[in-house]
Amino acid sequence: MENRRFEGKTEPEIVYSRSVKAGKRIYYLDVKKARNEDLYLCITESKRKQTGESEPPQFEKHKVFLYKEDFAHFTEGLNDVIAFVQSQLGAIEERQEWIPEAEETPAAVETVEEKPEDKSLLGSLLNKLKN
C-alpha cells in the first residue's frame, strides 16, 4: 500500500547545508524552511550497508528534526554528554579538519563565515538559525 500522505507536497527548502564524513557514515546538517517561514535543523545520518560485491551500494538513513525552541536544551545536553565522555576518556583525538567538497554544496546554499570563537559545527548552525 502506498503512503499518499505526502503526495503532491514539495520537500521543504534547504537554506543552509553541511555534510560531515565520518568513516562509513555521513552526517547531513540541513537548515530547512517550514511552510510558516520558520527555520529548523534536520540531521540525517547516512550509513553504507554491507552488500554483495556485484550489488550497488545501499544506504540506511535516519533523521532527527530539531526545532528552534529546543536548540538551547539540545545544545546544553549535547555539551554535558561530551564533557562526561571527555572526563571518562580524557582528551579525545579529533578527526582531520573537514574540507567541504565542491560537488556536495547545493547551488542555493548560502555560505557562512565562521567566527574563530565558534568552532563547533552544531554551534555554528545553531547561531545561523538564531540570526
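The values are calculated or read from the model by the stated rules, or taken from the named source; none is laboratory data. The structure displayed is predicted, hence computed values, not measured ones. Glycine also receives a Cβ, built like all others from the backbone with ideal geometry; neighbour counts cover every protein chain displayed.
Identify, please: which residue in the stretch 93-104 is of a type in the set (D, E, K, R) and either part of a helix (DSSP H, G or I) or more than 22 Å from residue 21 (Cβ to Cβ) (or both) and is, among those, modelled with the lowest pLDDT? Among residues in the stretch 93-104 that are of a type in the set (D, E, K, R) and either part of a helix (DSSP H, G or I) or more than 22 Å from residue 21 (Cβ to Cβ) (or both), the one modelled with the lowest pLDDT is 103. Within the bounds of the stretch 76-88, is there any residue that is of a type in the set (A, V, I, L, M) and at pLDDT below 65? Looking through the stretch 76-88, none of the residues is of a type in the set (A, V, I, L, M) and at pLDDT below 65. Residue check: residue 48 meets all listed conditions (1) modelled with pLDDT of 85 or more; (2) in contact with a Phe, Trp or Tyr (Cβ under 9 Å, 6 or more places away or on another chain) but one, namely (1).
Given the residues 89, 39, which is the only one that is touching a helix residue (DSSP H, G or I) at 6+ places or on another chain (Cβ under 7 Å) and of a type in the set (A, V, I, L, M)? Testing whether each residue is touching a helix residue (DSSP H, G or I) at 6+ places or on another chain (Cβ under 7 Å) and of a type in the set (A, V, I, L, M) leaves just 39. In the stretch 61-92, of all residues being part of a helix (DSSP H, G or I) and among the small types (Gly, Ala, Ser), the one that is surrounded by the fewest Cβ atoms within 10 Å (Cβ to Cβ) corresponds to 87. Scanning the stretch 10-59 for residues that are within 25 Å of residue 72 (Cα to Cα), in a loop (DSSP other than H, G, I, E, B) and of a type in the set (Asp, Glu) turns up 37, 38. Within the span defined as the stretch 45-60, every residue fails to be surrounded by 13 or more Cβ atoms within 10 Å (Cβ to Cβ), closer than 30 Å to residue 94 by Cα and in contact with a helix residue (DSSP H, G or I) (Cβ under 7 Å, 6 or more places away or on another chain).
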